[in-house]
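This report refers to the structure that appears directly beneath it.
Every number in this text was worked out from the coordinates using simple rules, so none of it is lab data. These figures come from a predicted structure and were not determined experimentally. Don't worry about glycine lacking a Cβ; one is built from the backbone with ideal geometry, like all the others, and counts go over all protein chains shown.
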Amino acid sequence: MDFYFGLVQIIGVHTLLGLSAYIVLLTGQVSLAQAGFFAVGAYAAGMLTVLAGWHLVPALGASAVCGAGVACAVGFPALRVKGLMLVIATLAFGEGVRLFFFNFDYQIAKGEIKVGPLGGEGFRQIRFFPENGWTTGEVMVFIWSIVAAAMALLWWFDRSRYGSVLRAVGEDELAAQSVGINLTAVKVSAMTVGGAIAGVGGGLYAHYTTHIEHASFNILLATFAIAYPIVGGLRNVFGTVLAVIFVQGFLIEGLRFLGDWRNLLFGALIVLAMNLRPSGFLGARRRA
Amino acid sequence: MLELQTLSRHFGGVRAVDGLDLSVAEGQIFGLIGPNGSGKSTTVNVITGLFAPTSGKILFRGEDLAAVPTHRRLRAGIARTFQNIRLFGQLSVWQNLWVAQNSAEDQERQGFFARWLGGQGGVRAEIAQLLEFSGLAHKQDELAANLAFGEQRRLELARAMAAKPKLLLLDEPAAGMNSEEIAQLRERILSLRERGVTILLVEHVMELVMGVTDRIAVLNFGQKIAEGTPAEIQAHPAVRKAYLGGDAA
């Protein structure tokens, strides 16, 4: 049973990662920086619970603020460039974050052992859940209540004028500008909200795995993040959830029996899915 | 209301707009005509800030627009339509008008929260009026991409009006329309003037330009070759030459 709980946890955390890319993709921006915000959130929350002894909930709040702050700071310069240049700029940022944590040491003694991030060795013993006696099932429910809250937030955005403005920018920047929309402000705001969601996702990830290291936040994670809303479609937030279930539940876990051949099939199935549903699982919106 | 002073915009060696002087008075319907490639659309794009002028000045109600970015020019009161319709196709008709409510008045009227994250309630009446004006009330929930061509043109005009402009730039609004649609467009343009909107009309369709404008400027190769009332322009030798070729004058 714990295996399935674990899988549901992974799907929950990756949904947050996908949603963080979803809101940025609404404005037409392909960002590979989301794994970087996720890493910032993971380290921030981990350090707060382990080193500063915070409860997880305020620590997650702090990782949302850190993710949002970094995203906002990155957004201003990065969103001035478009298309492929933006992809490369955000990719460079993500790798920069990863290499920062590869070199980042900050350990303090706790009893007989030292805890905290230790560069390439990673950050071990993020044991908030076991220390406080949370069962896997409880952790799963906790993660999914946060996922539900993030989905509700984005659903609400989508119904508001803000959501329509995001989509307007995604469709035609020139026309959006001409009807008085401030492109930079709108894109940076989307990046900031995305950064907050990715930060919370990272914070949760750090605590259910109990051990994080720079290599987890690589280009593959960044690719997953942007692949979820693309595969799922931009009609609404549920497309992203479906895509995460498809990728994490079916392609990665469901095909594990294939061994190393899995990766080959994985790529082929993504290509197939995109050919069958070019505008995502839930498709483009035909009626508003 | 709008004044262009020796405005130029060059693209490499091409002088798309070359030393243009133009003055549009408040309440006027001002026509800007000329053969293809004479710099009409470039002029509109420079006025709205999509292109920076190579040299010269744009004054709007006495204020120099040089340092004003595109989205703020709308707030100042300049709205436009596009020659090749640019709607937000995956948004509904209603949403197309909703996102365009960025006039200074709209920004002040509602608080930040209500304006960005509130529902559709607060602005319903205003948008209903725009839909009524453009004859699209029955299509308000349709995606803009699914509208017929004429409806898209009407929606684009309504979207420009959603910003409550003082100056409206219409870039070939009659392109591709049949004469019945042109007659309707003419009525709409005249009713906009009655609401106090000044209009700069860029158009090829003479049937519309001659019937609706107060004053016309003619461009050729980026330069103004004539300006006057519609009657004067029709009789002007340089205009006939530019349109009909060498010996027509």
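Dividing the summed helix terms, -39500 (n - 2.57) for each DSSP H run of n ≥ 4, by the number of residues in chain B produces a 222 nm estimate of -10500 deg cm²/dmol to the nearest 500.
Relative to the dominant Cα principal axis of chain B, helix B:124-133 is inclined by about 40°. What's log10 of I(q)/I(0) for the stretch B:36-147 at q = 0.18, 0.20 Å⁻¹, Debye sum over Cα points only, no solvent? Calculated log10 I(q)/I(0) at the listed q: -1.06, -1.17. Stretching residue A:141 away from residue A:153 to a fully extended chain increases their span by 2.5 nm, per 0.36 nm per residue minus the current alpha-carbon distance. Which of B:123, B:83, B:112 sits closest to the plus end of the dipole of the stretch B:76-176, meaning its Cα is farthest towards the positive end, when Lys and Arg get +1 and Asp and Glu get -1 on the C-beta? Value computed over the given set: B:112. Couplings 3J(HN,Hα) for the stretch B:144-161, derived from phi with the Karplus relation 6.51 cos²θ - 1.76 cosθ + 1.60 (θ = phi - 60°), are 4, 5, 8, 6, 6, 4, x, 5, 4, 4, 5, 5, 5, 5, 5, 5, 5, 5 Hz, where x marks Gly and Pro. For residue A:112 and residue A:88, the FRET efficiency from 1/(1 + (r/R0)^6), where r spans their Cβ atoms and R0 equals 51 Å, is about 0.65.
Could you tell me which of A:69, A:107, A:15 has its Cα farthest along the dipole of the stretch A:1-144 towards the positive end, charges placed at Cβ (Lys, Arg +1; Asp, Glu -1), taken about the Cα centre? Most positive-ward Cα: A:69. Under a model in which nothing but the beta-carbon of Lys, Arg (+1) and Asp, Glu (-1) is charged, chain B shows a dipole of about 520 debye around its Cα centre.
Cα extents for the protein assembly as shown along the principal axes, largest to smallest and rounded to whole angstrom: 98, 48, 45. For the stretch A:205-265, the square roots a ≥ b ≥ c of the C-alpha gyration tensor eigenvalues yield an a/c of 1.5 or more together with a/b not exceeding b/c, which makes the shape oblate. Placing +1 on the Cβ of every Lys and Arg and -1 on the Cβ of every Asp and Glu, with nothing else charged, gives the stretch A:2-219 a dipole about its Cα centre of roughly 360 debye. The mean number of partner chain beta-carbon atoms within 10 angstrom of a residue's beta-carbon across peptide B:66-72 is 4.
Hey, what angle do you get for helix A:34-50 against the long axis of chain A, alpha-carbon based, 0 to 90 degrees rounded to 10? For helix A:34-50, the angle is close to 30 degrees. Once the Cα atoms are used to define both axes, helix A:136-159 deviates from the longest principal axis of chain A by about 20 degrees.
Classify the stretch A:74-153 as rounded, prolate or oblate, taking a ≥ b ≥ c as the square roots of the eigenvalues of its Cα gyration tensor: rounded when a/c is under 1.5, otherwise prolate if a/b is larger than b/c and oblate if not.
Oblate, since a/c reaches 1.5 and b/c is not below a/b.
Distant-in-sequence amide contacts of residue B:34, defined by a placed amide H-H separation under 5 Å and a gap of 5 or more residues or a different chain, comprise B:219. Among A:90, A:210, a tally of other beta-carbon atoms within 10 Å of each Cβ gives an order, fewest to most, of A:210, A:90. For the protein assembly as shown, the Cβ-based charge dipole about the Cα centre amounts to some 80 debye (Lys, Arg positive; Asp, Glu negative; other atoms uncharged).
Note on B:110-121: average number of Cβ atoms from other chains within 10 Å of each residue's Cβ is 3.
Panel order for A:47, A:191, by other beta carbons found within 10 Å of each beta carbon, from fewest to most: A:47, A:191.
Using the per-residue mean of other Cβ atoms lying within 10 Å as a proxy for protection, in what order, highest first, do the peptides A:234-244, B:128-138 fall?
Listed from highest to lowest mean packing, they are A:234-244, B:128-138.
Among A:200, A:179, A:52, whose Cα sits farthest toward the positive end of the charge dipole of the stretch A:2-219 (+1 at Cβ of Lys/Arg, -1 at Cβ of Asp/Glu, about the Cα centre)? Farthest towards the positive pole: A:179.
For peptide B:152-161, the mean count of partner chain Cβ atoms within 10 Å of a residue's Cβ comes to 1.
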